[in-house]
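The values are calculated or read from the model by the stated rules, or taken from the named source; none is laboratory data. Since we're looking at a predicted model, the values are computed, not measured. Here the Cβ positions follow ideal geometry from the backbone for every residue, glycine too, while neighbour counts run over all protein chains shown. All accessible areas refer to the heavy atoms of the entire protein, side chains included, with ligands and DNA or RNA removed. Shrake-Rupley method; radii C 1.70, N 1.55, O 1.52, S 1.80 Å.
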Amino acid sequence: MELLRRKIENEGIVLSDGVLKVDSFLNHQIDPELMKEIGLEFAERFKNEGITKIVTIESSGIPPAVMAALELGVKVIFARKKMSLTLTDNLLVSTVYSFTKQEENTISVSHQFLDKTDNVLIIDDFLANGEAAKGLIDIVKQSGASVIGFGIVIEKSFQKGAAELKELGYRVESLAKIASLVDGKVNFVEKLEEVTS
């Protein structure tokens, strides 16, 4: 997705060899036009997969998930990172370690909204080590539903998450794949492939 790559190049800030800050359009301030295009792209890639629900994790996964759900005509369920007074019964729960926050979170979804009849598309803003993805797989499996695939806005291809999910047999569709974050510069997998071919 060229529009997303341009946004990353123009507005993304490389904080270290492992951390990319994209809070001007995805993680804090949200660019609705970009989210609309991202939603259209995910919907196009998964339109023939019989998706019945989209599952994400709060909070940065919600905007792209909602836009994709709008196009696919399905509901979005987001895993909460904090316990809620209104969400206490019949919970599906898993534990996720956050690399950027350096903390472990217990995530939860109400079983009321997810069951064995569902075909689930998991959408998230980033895929790095795959901890959030594995936590969401765990929750979907507990419900008896099927994970059809992953829609990832930004994949850090130099970390193990995408490779591990593919080894487990999951389809991973990433809109921007980052090969490295070296010397304050974002290097995309696609750009490197163009140079070497």
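Per-structure values
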| quantity | calculated |
| --- | --- |
| Pairs where the first residue, in segment 13-30, is farther than 16 Å from P64 by Cβ and the second is among the aliphatic types (A, V, I, L, M) and open to solvent by 50 Å² or more (accessible area, probe 1.4 Å), C-beta under 7 Å, 6+ apart | D17/V182; K21/I13; K21/L15 |
| When residues of segment 65-96 are limited to those that are of a type in the set (S, T, Y), modelled with pLDDT under 85 and open to solvent by less than 100 Å² (accessible area, probe 1.4 Å), the one farthest from F42 (Cα to Cα) | T88 |
| Condition check for S60: out of contact with any Gly (no Cβ under 9 Å at 6 or more places or on another chain), open to solvent by less than 50 Å² (accessible area, probe 1.4 Å), free of Cβ contacts under 8 Å to residues at least 40 places away in the same chain and not aliphatic (A, V, I, L, M) | no |
| When residues of segment 97-114 are limited to those that are over 19 Å from V66 (Cβ atoms) and not hydroxyl-bearing (S, T, Y), the one surrounded by the fewest Cβ atoms within 10 Å (Cβ to Cβ) | Q102 |
| Residues located in segment 48-62, provided they are over 10 Å from A79 (Cα atoms) and hydroxyl-bearing (S, T, Y) | T52, S60 |
| Filter result (under 26 Å from I8 (Cβ atoms), without any contact (Cβ under 8 Å) to a residue 60 or more places away in the chain and not in a loop (DSSP other than H, G, I, E, B)) within segment 135-176 | F150, I152, E155, G161, A162, A163, E164, L165, K166, V172, S174 |
| Within segment 1-88, helices (runs of 4 or more DSSP H) holding 3 or more residues that are under 17 Å from the mean Cα position of the chain (by Cα) and of a type in the set (A, V, I, L, M) | 32-46, 62-72 |
| Residues within segment 1-42 that are touching a Ser or Thr at 6+ places or on another chain (Cβ under 7 Å), closer than 19 Å to I62 by Cα and either among the charged types (D, E, K, R) or at pLDDT 95 or above (or both), tallied | 1 |
| Options L72, L4; residue that is under 23 Å from K141 (Cβ atoms) and touching a strand residue (DSSP E or B) at 6+ places or on another chain (Cβ under 9 Å) | L72 |
| Failed criterion for T117 (all others in (1) in contact with a His (Cβ under 7 Å, 6 or more places away or on another chain); (2) under 23 Å from G73 (Cβ atoms); (3) open to solvent by 30 Å² or more (accessible area, probe 1.4 Å); (4) not charged (D, E, K, R) hold) | (1) |
